[in-house]
1. Any idea of the accessible area per residue across the chain, 1.4 Å probe, to the nearest Å²?
2. Treating only the Cβ atoms of Lys and Arg (+1) and Asp and Glu (-1) as charged, compute the dipole magnitude of region 23-83 about its Cα centre; round to the nearest 20 debye.
3. So, with a 1.4 angstrom probe, what is the percent of accessible area on the chain that is carbon and sulfur?
4. Can you give the calculated 222 nm mean residue ellipticity of the chain, where each DSSP H run of n ≥ 4 adds -39,500 (n - 2.57) and the sum is split over every residue, rounded to the nearest 500 deg cm²/dmol?
5. Picking from His13, His137, Leu70, whose Cα lies most toward the positive end of the charge dipole for the chain (charges on Cβ: Lys, Arg +1; Asp, Glu -1)?
6. So what does Asp106 come to for accessible area, using a 1.4 Å probe and Å² rounded to 10?
7. Note down the nm distance, to one decimal, between modelled labels 7 Å out along Cα→Cβ at Glu118 and at Asp19.
8. Would you mind calculating the relative contact order of the chain from Cα pairs under 8 angstrom and at least 6 residues apart, reporting the percent as a whole number?
Amino acid sequence: MTENDPIRLFVTHLFAPDDAYFRVFEYLESQPNFYYTNLASPEKPPRSKEKEAVREDLRRQMSEAEVVILLSSLYSRDHVLIEYQGLYAQSCEKPLIVMEPFGVIDPVPAKLREMADEVVRWDGREMADAIRRQARHEDTTRWDVIEFKLD
């Protein structure tokens with residue numbers, strides 16, 4: 001992954017502004033040397049609100065994605081559309097990373113957990129590593145160094 005070859009990702013959405021959607025990018029932007037292209041466009045809903053038109057637009061957005069990030073917090077707002085996005089990713093054999101709900105201790109819904117290739121908590125480093133593993137099969141072994149003083 002380089003600036004010239006960013007990871008193409010799609011983040012699930014419901015064609016409406018959502019804090020969790022924007023938070024994904026805040027976390028990813030804080031990661032050094034992590035380059036991605038966002039293929040999702042929640043700000044451009046399809047002209048028709050018919051179910052098939054919405055699904056077609058989502059399929060178009062997801063078509064070039066290397067990895068799909070599914071926001072489990074959106075499940076309670078529209079479980080049908082969120083499940084559809086997860087199932088479509090699976091049918092296209094796109095890796096699916098499910099994000100735990102932000103700031104609450106609610107578990108990831110069982111249906112989403114079953115779909116997931118990986119479930120990740122809200123931590124920028126863990127998110128970036130999961131995306132690298134799932135999208136490009138890059139080894140992300142890192143070591144944390146903890147310094148302490150013995151008296």
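1. On the way: 9070 Å² over 151 residues.
Computed with neighbouring chains in place, this is 60 Å² per residue.
2. Working: 9 positive and 11 negative charges, 43 e Å.
Rounded to the nearest 20 debye, it is 200 debye.
3. 48
4. Details: 5 runs with 55 residues, N = 151.
Computed mean residue ellipticity for the chain: -11000 deg cm²/dmol.
5. His13
6. 90
7. So the two model labels end up 2.6 nm from each other.
8. Numbers: 219 pairs, mean separation 34.0, N = 151.
For the chain, the relative contact order is 23 percent.
The values are calculated or read from the model by the stated rules, or taken from the named source; none is laboratory data. What you see is a predicted model, and the numbers here were worked out from it, not measured in a lab. For neighbour counting, all protein chains shown are included, and Cβ atoms are generated from backbone atoms with ideal geometry for every residue, glycine included. For the accessible areas, the whole protein counts, side chains as well, though only heavy atoms, and no ligand, DNA or RNA atoms are used. Shrake-Rupley method; radii C 1.70, N 1.55, O 1.52, S 1.80 Å.
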